[in-house]
Amino acid sequence: MLKIGIVGLDQVGKTTLFRILTHSHGTGLGSGKPEAHVGVVQVPDVRLERLAVIYQPKKTVHASVEYVDTPGSVIELARTGLQAASLKEMDALAHVVRVFADSAVPPPEGGVDPRRDIESVELELILSDLAVVEKRLERLEKEIKKQKNPALEKEYHALENCKTALEKQTPLRELQLAPEAERAVRGFTFLTIKPMLYVLNLGEKDAARAQEAVAG
Ligand SMILES: Nc1nc2c(ncn2[C@@H]2O[C@H](COP(=O)(O)OP(=O)(O)OP(=O)(O)O)[C@@H](O)[C@H]2O)c(=O)[nH]1
Ligand SMILES: [Mg+2]
């Protein structure tokens, strides 16, 4: 099942989005709650429904998606070991970005600035991946010195490419890795290799300006 992590900075609307996606209106989902919420949703598919009408099967199984509403700021999550591991489990990330202005919800330091928020989250994920890459490269270097091993050398080479990209602040999803290199780095479940969907949380009055927000 596809697992999508809803991430973002503090109080940007992650739980609000989770509620909409999972049709959950329960009261247990207050904001600021420390635990993650998990919800499974069936993917509507008119073709499947048509086929079910024609063939009348005993059972119709829709594709489903699991959404995980992560608590608090993704920056904190990426920095703490156990939480970072839970991010690694996701197939894709949906980054909720605050665009709405509302004095009732404390704005972040420096005011509402979607571009800054996107950049700082991206940078944090890049640093998290870079730390993993550097640690592994260090070990590989020692191992390769001890014994010549083509598989380790391939891995080393692939990770060097990743390191160069990350140092230029390029997320790994933008790299065109050869299938062999992709296989060599797959096990690391890097955060910046995951498909990233930006969800701009506009204020009610700004909904008409959605295009502008994307372009700006
Ligand atoms: N005006 C306005 N308020 C919003 C919007 N989206 C969310 N909020 C409010 O912002 C607050 C935070 O929303 P949540 O969905 O709990 O945000 P969160 O990202 O889950 O917050 P944490 O999990 O605590 O980091 C709540 O009081 C929401 O009602 C919006 O589009 N407009
Ligand atoms: Mg929340």
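The values are calculated or read from the model by the stated rules, or taken from the named source; none is laboratory data. Because the structure is a prediction, the values reported are computed rather than measured. Because the Cβ atoms are built from the backbone with ideal geometry, glycine has one as well, and the counts that use them run over all protein chains shown. Each accessible area value is taken on the protein alone, full model and side chains, heavy atoms only, with ligands, DNA and RNA left out. Shrake-Rupley method; radii C 1.70, N 1.55, O 1.52, S 1.80 Å.
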**Request:** Could you tell me which residue of the stretch 26-44 is nearest to ligand 1 (Cβ to nearest atom), considering only residues that are exposed (fewer than 13 other Cβ atoms within 10 Å of the Cβ) and at pLDDT 70 or above?
**Result:** GLU35
**Unmet criterion (only one of (1) in contact with a helix residue (DSSP H, G or I) (Cβ under 9 Å, 6 or more places away or on another chain); (2) surrounded by 15 or more Cβ atoms within 10 Å (Cβ to Cβ); (3) aliphatic (A, V, I, L, M)) for VAL112** = (1)
**Prompt:** Taking strands (runs of 3 or more DSSP E) that do not extend beyond the stretch 1-105, which have at least 3 residues that are more than 18 Å from THR192 (Cα to Cα) and aliphatic (A, V, I, L, M)?
**Reply:** 37-42
**Only one of LEU127, LEU123 that is open to solvent by 70 Å² or more (accessible area, probe 1.4 Å), under 16 Å from THR192 (Cβ atoms), hydrophobic (A, V, I, L, M, F, W, C) and without any contact (Cβ under 8 Å) to a residue 60 or more places away in the chain** = LEU127
**Asked** Looking at the stretch 136-150, is at least one residue surrounded by 15 or more Cβ atoms within 10 Å (Cβ to Cβ) and without any contact (Cβ under 8 Å) to a residue 40 or more places away in the chain?
**Response** yes
**Fill in**
Per the list (1) free of Cβ contacts under 8 Å to residues at least 40 places away in the same chain; (2) outside any helix (DSSP H, G or I); (3) among the basic types (Lys, Arg), residue check on ARG209 breaks on (2)
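Quick check on the stretch 64-89: of everything there that is small (Gly, Ala, Ser) and away from ligand 2 (no atom under 11 Å from the Cβ), which residue is farthest from the chain's Cα centre (by Cα)? Walk me through how you get there before you give the answer.
Filtering the stretch 64-89 for residues small (Gly, Ala, Ser) gives 64, 72-73, 78, 81, 84-86.
Subsequent filtering for residues that are away from ligand 2 (no atom under 11 Å from the Cβ) retains 64, 78, 81, 84-86.
Details: SER64: 18, ALA78: 11, GLY81: 16, ALA84: 11, ALA85: 12, SER86: 11 Å.
Checking each candidate, the answer is SER64.
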**Item:** Count - residues of the stretch 76-85 that are within 12 Å of ligand 1 (Cβ to nearest atom) and buried (at least 19 other Cβ atoms within 10 Å of the Cβ)
**Value:** 1
